[in-house]
Amino acid sequence: MLRPKPFDHKTCFSLKEALHLLDDSAGGIKILAGGTDLLPNLKHRLYPETGAVLSLRNLPELRGVETQQNELIIGAGERLADLSSHPALVATLPALAATFGTIASPQIRNMATLGGNLCLDTRCRYINQTDFWRQALGGCLKSHGDQCHVVPGGKNCVAAFSGDAAIALIALEAEVELLSVQGQRRIPLVQLYRSNGAAHLTLHPNELLSRIFIPLISGRKLAFRKWSVRRSIDFPLVNLAVRMDSDAGGNVQKLVAVVGVLAAKPKVFPRLADLLESGTLDARGIETIADFLFRKCAPLPNVPYDPGYRKEMLRVQARRALHALLQEDLLSVRQD
């Protein structure tokens with residue numbers, strides 16, 4: 001049985017108290033929400049510097065789902081299982097609710113929070129192992145080493161971000177609210193990530209992700225697809241979301257794809273509508289866009305399974321996502 005190193009467990013009962021604890025820790029404290037990612041990583045001793053864990057379980061300020069001024073606002077502490085069936089979410093963004101329902105397994109969704117999934121740590125086949133295994137390998141750029149085993153000679157960690165919620169939310173142009181004792185800031189969700197697997201979040205050490213804002217736009221469709229060896233529990237080996245905005249006449253105004261599990265930062269393709277010759281999404285356009293994404297995305301051997309096969313599966317899932325957009329539902333989601 002894997003056991004973590006001893007650590008202090010801190011509990012707070014107000015958001016103000018939590019922010020002051022974060023500020024006083026100077027980055028030496030880890031956030032515990034659902035714990036479905038943090039606790040396994042602690043057991044694998046991926047964070048040897050961790051001296052304390054701060055639980056957010058008792059903070060009602062991080063919960064809630066509401067609609068204000070054509071925005072859906074979700075508290076970062078909401079659990080994925082609750083969101084997958086929340087009446088407000090199902091009524092306004094059914095594809096997003098269904099996406100939340102495909103993440104991991106029912107047991108994990110009952111514990112995991114939306115904020116935790118957005119802040120999911122990056123993964124790599126060379127670091128998500130036991131401490132003994134990593135020592136035998138000699139470490140890597142993310143774990144007490146000076147070399148990348150995925151890209152020999154590379155100077156930047158390419159551990160992959162494998163979250164599902166962020167892919168769909170970035171496609172929907174979501175923004176996030178970040179709080180600290182100095183105040184708050186609101187940024188597009190896509191700006192929460194950077195291309196460094198060893199430090200992939202732009203969160204400041206004393207900041208806390210508190211709320212997610214999703215614009216509600218008429219004529220918008222979403223399709224989310226992912227592939228993994230097993231349909232539950234496994235992290236995705238390929239995932240992508242495609243969003244289409246159309247006018248009243250059915251003409252495509254904007255077509256955006258977001259692809260994950262490539263590197264530390266989701267990859268965004270914002271101008272896919274330019275590839276549609278007729279201005280509408282048809283069978284020919286679907287093949288053109290699927291082939292375009294196939295050419296532009298290069299999976300690395302940073303997660304299990306053959307990268308060449310993952311690349312082929314990306315084209316398959318892109319094709320299926322685009323076909324899903326042709327359905328009559330306002331938003332649609334599918335998973336294989």
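Selection within region 199-233: residues that are small (Gly, Ala, Ser) and under 17 Å from the mean Cα position of the chain (by Cα). The member of this set that is surrounded by the most Cβ atoms within 10 Å (Cβ to Cβ) is 223.
Among the residues in region 326-333, are any crowded, with 20+ Cβ neighbours inside 10 Å and in contact with a Phe, Trp or Tyr (Cβ under 8 Å, 6 or more places away or on another chain)? So far as region 326-333 goes, yes, one or more of its residues are crowded, with 20+ Cβ neighbours inside 10 Å and in contact with a Phe, Trp or Tyr (Cβ under 8 Å, 6 or more places away or on another chain).
Out of 298, 241, one residue alone is in a strand (DSSP E or B) and of a type in the set (A, V, I, L, M, F, W, C). It is 241. Restricting attention to region 172-208, the residues that are within 17 Å of residue 25 (Cβ to Cβ) and not in a loop (DSSP other than H, G, I, E, B) add up to 5.
Checking each residue in region 261-299 for being in contact with a Pro (Cβ under 9 Å, 6 or more places away or on another chain) and surrounded by fewer than 17 Cβ atoms within 10 Å (Cβ to Cβ) picks out only 298.
Checking each residue in region 23-39 for being part of a strand (DSSP E or B) and of a type in the set (A, V, I, L, M, F, W, C) picks out 29, 31, 32. Is it fair to say residue 262 is touching a Lys or Arg at 6+ places or on another chain (Cβ under 6 Å) and touching a residue at least 24 places away in the same chain (Cβ under 8 Å)? For residue 262, the condition - touching a Lys or Arg at 6+ places or on another chain (Cβ under 6 Å) and touching a residue at least 24 places away in the same chain (Cβ under 8 Å) - is not met. What number of residues within region 244-286 satisfy the criterion of being in a strand (DSSP E or B) and not hydrophobic (A, V, I, L, M, F, W, C)? Number satisfying all stated conditions: 6.
Looking across region 40-84 at every residue that is charged (D, E, K, R) and not in a strand (DSSP E or B), the one that is farthest from residue 98 (Cα to Cα) is identified as 49. Each residue in region 91-105 was checked for being over 15 Å from the mean Cα position of the chain (by Cα) and without any contact (Cβ under 8 Å) to a residue 60 or more places away in the chain, and 1 of them qualify. Of the residues in region 134-143, not one is surrounded by 15 or more Cβ atoms within 10 Å (Cβ to Cβ), under 16 Å from the mean Cα position of the chain (by Cα), charged (D, E, K, R) and outside any loop (DSSP other than H, G, I, E, B).
Residues that are under 27 Å from residue 168 (Cβ atoms), outside any loop (DSSP other than H, G, I, E, B) and in contact with a Phe, Trp or Tyr (Cβ under 9 Å, 6 or more places away or on another chain) occur at least once in region 100-115. Against the conditions (1) surrounded by 20 or more Cβ atoms within 10 Å (Cβ to Cβ); (2) under 21 Å from residue 173 (Cβ atoms), residue 34 satisfies every one except (2). Going by what's in this entry, would residue 166 be described as under 22 Å from the mean Cα position of the chain (by Cα) and not charged (D, E, K, R)? It is true that residue 166 is under 22 Å from the mean Cα position of the chain (by Cα) and not charged (D, E, K, R).
Each reported figure results from applying straightforward, stated rules to the coordinates on display, with no laboratory input. Please read all numbers here as calculations on a predicted model, not as lab measurements. Note that we place each Cβ from the backbone using ideal geometry, even for glycine, and neighbour counts take in every protein chain shown.
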